[in-house]
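Just below is one structure, and these are the notes that go with it.
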Amino acid sequence: MRDLEAMLYVPAGDPRKLDKVPRLLGVTTIILDLEDAVAADRKDVARAALGRVLDGVGAAAPGERRGEIWVRINAPGTVAFEADLAACVRAEVAGLIVPKATADSLHTVAARVEERERAAGLPHGSVELMGLVETIAGWHSVRTATALPSRVHGLSFGAGDFSLELGLPFPPPDGVQGHTLLVAKAELVLHSRRLGLAPPHDGVYPAYRDLDTLLAEATLAKSMGFVGKHTIHPDQVPVVRSVFVPGQAELDKARRIIAAAEDARQRGLGNASVDGELVDVPVVERARRLLHDAGKPS
């Protein structure tokens with residue numbers, strides 16, 4: 001099971017926080033940030049520091065639970081883009097977060113990553129992409145795209161920049177995102193499915209001490225079809241995981257649903273009942289997917 005539900009941003013330009021990466025990998029997947037978290041004149045320094053972190057990350061011990069390392073690079077067309085790829089397309093990096101993503105930019109990054117993979121002797125598709133949709137142009141390009149590169153794992157929604165472009169406050173003063181953002185997020189879920197991608201991730205909630213609003217925002221995102229939410233502080237990680245990682249009760253119910261459906265099938269029935277709820281084909285399939293995604297046998 002991949003640990004992507006509460007991916008945690010760590011600024012690549014902050015040595016104190018970079019020192020915590022080995023420990024944080026035991027908690028969740030890390031996104032080392034070379035973009036917004038690093039001043040323009042410090043990109044080279046941050047890139048070198050990121051390289052040292054990657055050099056120091058050894059293989060996980062047998063049976064050790066450990067998150068992945070992703071990197072948020074600077075967007076194609078920026079001065080830092082090529083240098084970021086040179087530093088980040090390597091075996092220790094599972095994927096790249098592409099900011100201000102559009103369908104075209106994801107094709108561009110995918111092609112350049114493929115070249116870098118070949119040069120580094122890495123298997124094709126080793127380094128995945130996640131497009132951070134945070135502009136209206138990016139959102140529209142996803143709505144109208146007919147296909148995205150196979151190495152694009154999925155998309156995420158950046159409410160901060162999206163709100164800025166719309167002239168909306170962020171975070172919203174009442175802690176509740178307005179209808180315009182919710183419509184954009186809902187369409188991202190729908191078009192991710194249409195394009196054959198994994199369901200998208202919700203973006204960060206910046207008020208990292210306000211865990212109650214974070215919980216509400218994550219819960220709403222899950223109800224809309226998102227499968228994770230990015231975080232900016234370790235305290236946010238368990239809150240997000242509590243929403244997106246199925247608990248034991250949910251897993252147990254999924255097993256009971258599958259067992260009840262099999263019992264009904266053997267008796268020649270098309271439907272069953274669990275906890276007073278009708279169990280039909282979509283319910284059974286969802287239970288199977290839940291257990292599969294959780295890495296649990298049915």
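The values are calculated or read from the model by the stated rules, or taken from the named source; none is laboratory data. No experiment lies behind these values; they were computed from the predicted model shown. Methodologically, a virtual Cβ is constructed for each residue, glycine included, from the backbone with ideal geometry; neighbour enumeration extends over all protein chains shown.
Let's see how each residue does on (1) touching a strand residue (DSSP E or B) at 6+ places or on another chain (Cβ under 6 Å); (2) among the acidic types (D, E); (3) in the same structural domain as A145 (by TED's automatic domain parsing); (4) more than 23 Å from S163 (Cα to Cα):
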residue	(1), (2), (3), (4)
D33	yes, yes, yes, no
D41	no, yes, yes, yes
G51	no, no, yes, yes
E68	no, yes, yes, yes
V71	yes, no, yes, yes
A83	no, no, yes, yes
A91	no, no, yes, yes
L106	yes, no, yes, no
Checklist entry - Which ones in the stretch 107-136 are out of contact with any helix residue (DSSP H, G or I) (no Cβ under 9 Å at 6 or more places or on another chain) and among the aliphatic types (A, V, I, L, M)? => result A110, A111, A119, A120, M130
Item to check | Criterion (under 22 Å from K20 (Cβ atoms), of a type in the set (A, V, I, L, M), surrounded by 20 or more Cβ atoms within 10 Å (Cβ to Cβ) and touching a helix residue (DSSP H, G or I) at 6+ places or on another chain (Cβ under 7 Å)) met by exactly one of V98, V89, V38 | outcome: V38
Item to check | Subset of the stretch 213-264 [among the polar types (S, T, N, Q) and touching a Ser or Thr at 6+ places or on another chain (Cβ under 9 Å)] | outcome: T231
Item to check | Flag for V240 being assigned to a helix (DSSP H, G or I), in the same structural domain as S141 (by TED's automatic domain parsing) and either closer than 24 Å to D33 by Cβ or aliphatic (A, V, I, L, M) (or both) | outcome: yes
Next on the checklist: Consider the stretch 195-237. How many of its residues are outside any loop (DSSP other than H, G, I, E, B), of a type in the set (A, V, I, L, M) and crowded, with 18+ Cβ neighbours inside 10 Å?
Outcome noted: 4
Checklist entry - Based on what the data block shows, is G268 farther than 30 Å from L96 by Cβ and surrounded by fewer than 16 Cβ atoms within 10 Å (Cβ to Cβ)? => result yes
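Select, from E165, E187, the only residue that is closer than 30 Å to S126 by Cα and surrounded by fewer than 18 Cβ atoms within 10 Å (Cβ to Cβ).
The match here is E187.
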Next on the checklist: If I ask for residues that are within 18 Å of the chain's Cα centre (by Cα) and surrounded by fewer than 22 Cβ atoms within 10 Å (Cβ to Cβ), which ones from the stretch 140-152 would you list?
Outcome noted: P149, S150, R151
